[in-house]
Amino acid sequence: MVVTPVEEQTPPAADASTLEEAEHAAATATEGEGEHKSVMPVPDELLATTKGEAAPDANAGGEEANRPRVEGDGEGVVQSNESSAKVDEPVATENSDAAPAEASVDAVNGKIPPTKLIPQHPLEGVTLTERTVRITGNKKQIEAAKDIIKQAMSQVLVEANGVTRTLVLNRPKQLNALSSAMITCFLRCFTAYEEDDGVKLLIVKGKGRAFCAGGDVAAVVRSINNDSWKYGAHFFRNEFLLNYIIATYSKPQVSLLTGIVMGGGAGVSIHGRFRVVTDSTVFAMPETALGLFPDIGASYFLSRLPGFYGEYVGLTGVRLDAAEMLACGLATHFVPSDRLSLLEESLKKVDTSDPFAICGIIDQYSQQPSLKEKSALNRLEIINKCFSKKTVEEIIASLEQEAPNVADEWIASAIQSMRKASPTSMKISLRSIREGRTQTVGECLRREYRMVCHVMRGDFSRDFFEGCRAILLDRDRNPKWMPPRLEEVHDEVVEKYFSKVDDPEWEDLDLPPRRSHGRRLVPKL
């Protein structure tokens, strides 16, 4: 992997065709990407060298001095390549069935104690410090861990500026669709930085024209088809854990939401303290058109939007611009594109974790955009009247009753979107958002994990797999939902999605205790 500076570019404004590309890219994203690089040589957390091999001399110059290495003969330690760091002799571990699988690392400034294991992580034998990823396990487990670390090196870039860390989603060709490796890297970084007194602020952004177009759904579907539903459950378990850590994080996070923000991209940003939108930002939660439901804790933040606007956003998959995101509370600030780089440079110079101080800096660059005349937020009274109905059928009927009296396009578009979406998805999505109104973010994520496991298993409907076929694989955009009509999706079936999975190896989502129960969204209507 060659290390070259990142070129910052302002992404073009996203339109309908761009969002269609986003949906396809998020689904067809592949793990094999070209060489990428950060403004730092590599993230300190992911630098590597092998046991018995001297780390490249940082003063030697040339490309080799900056090239990360993830190699080894089973010792299982990924270490900083600083020339003064050393690797002790490996020692055997309980779960090592071959060669010794663990070693300790002394960093330049003395030994750094490892952090706690991330609960429910796919690599249970991995711990992280600021400069060390420590892996325990047999050789096969260690090699699997190293593969993920290699991917994470290129897919998430880390820049250090004083007490600020910038995490850059770096899959621009796939519109930064979240892979398992990216989620792993984010978990590592967020966990380490929260315990590191030398880190006070996190910035998260995407490279290219998208912040993040969602999760890598195609990889999940391929794995389910080739292996087991448990890989999909594994993917979502770790993604939801990351969402929970972000939602309850003790240090401020500033997400710079340029371009497309959908699905999983909302999960790693909307739960954070500061969400900065700009001229190119387009937000959507289009899961019901795919046979899924708004997950990643969306039932928490959608249910806290003004009135019943969250039901409108979640059920229709409507695309919101920056002004609408700010007005409803999904965003905290609007900063024009030509001032975004200035804001970022100012944030990199801070020496505080005080959210009021961070907010004051963002305020210096922010503006108050105006809602477009045709925005549905200007018709919130109609949205509240219709989307407050008890059932999906009643919501659609109410919209159809209002349509002749309203000339706006949004209402006809809402009806069309809801009628084209999966009937099963529509019903479980409405129930999910309604339950989210009275739940903490942790409770929402635990419930959503049950729901997504049932979806991955195809227990009560195969609509998710049919939606992926029609929209992401064959792309005929003509899914055959089963059952095909809302009235055929009975309440007893909906209820089952919220129950525990009937599998002796399945467990509820286990979330660690945290001080916070989630962010408070502040609308600016």
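A few points about this structure:
- Per-residue SASA entry for K139, accessible area with 1.4 Å probe, Å² rounded to 10: 90
- Amide H contacts for F308 (H built 1.01 Å from N in the peptide plane; partners 5 or more residues away or on another chain; cut-off under 5 Å): N384.
- Projected label distance in nm at L473 and N384, using a 7 Å step from Cα toward the beta-carbon: 4.5
- Accessible heavy-atom area order of H490, H454, highest first, probe of 1.4 Å: H490, H454
- Estimated distance in nm for a label pair at A357 and Q401, the labels positioned 7 Å out from Cα along Cα-to-Cβ: 5.6
- Protein accessible area in segment 156-520, 1.4 Å probe - carbon and sulfur %: 48
- J(HN,Hα) series, segment 437-451, from Karplus relation 6.51 cos²θ - 1.76 cosθ + 1.60, nearest Hz, glycine and proline x: 4, 10, 10, 6, 5, x, 5, 5, 5, 5, 5, 5, 5, 4, 4
- Karplus-derived 3J(HN,Hα), 6.51/-1.76/1.60, for each residue of segment 183-195, Hz, glycine and proline x: 4, 4, 5, 4, 4, 4, 5, 4, 5, 5, 5, 5, 8
- Taking a ≥ b ≥ c as the square roots of the Cα gyration tensor eigenvalues, segment 156-520 comes out oblate, since a/c reaches at least 1.5 and a/b does not exceed b/c.
- Accessible area per residue, Å², segment 156-520 with all protein chains present, probe 1.4 Å: 37
- Only one residue of S429, S417, I383 has its Cα farthest out toward the positive end of the dipole of segment 359-435, where Lys and Arg carry +1 and Asp and Glu -1 on Cβ, and that residue is S429.
- Largest-first ordering by accessible area, 1.4 Å probe, given options R237, R437: R437, R237
- Distance (nanometres) between label positions extended 7 Å along Cα→Cβ at E487 and K173: 5.0
- With 21 Å as the limit on Cα-Cα distance, the pairs of K251/K349; K390/K496; K251/K348; K207/K230; K251/K524; K173/K205 that go past it are K207/K230; K251/K524.
- Residues whose placed amide H lies under 5 Å from that of I203, excluding near-sequence neighbours: R165, T166, L167, V254
- Calculated from backbone phi, Karplus (6.51, -1.76, 1.60) coupling profile of segment 289-296 in Hz, x at Gly/Pro: 6, 9, x, 10, 8, x, 10, 6
- Taking the centroid of alpha carbons for each part, segment 305-373 and segment 274-291 are 13 Å apart.
- Lys, Arg +1 and Asp, Glu -1 on Cβ, resulting dipole of segment 156-520 about Cα centre, debye, nearest 20: 440
The values are calculated or read from the model by the stated rules, or taken from the named source; none is laboratory data. Here the structure is a predicted model, which means the values were calculated and not measured. Every residue, glycine among them, receives a Cβ derived from its backbone with ideal geometry; neighbour counts consider all protein chains shown. Ligands, DNA and RNA are stripped out before the accessible areas are found, and what is left, the full protein with its side chains, is counted by its heavy atoms. Shrake-Rupley method; radii C 1.70, N 1.55, O 1.52, S 1.80 Å.
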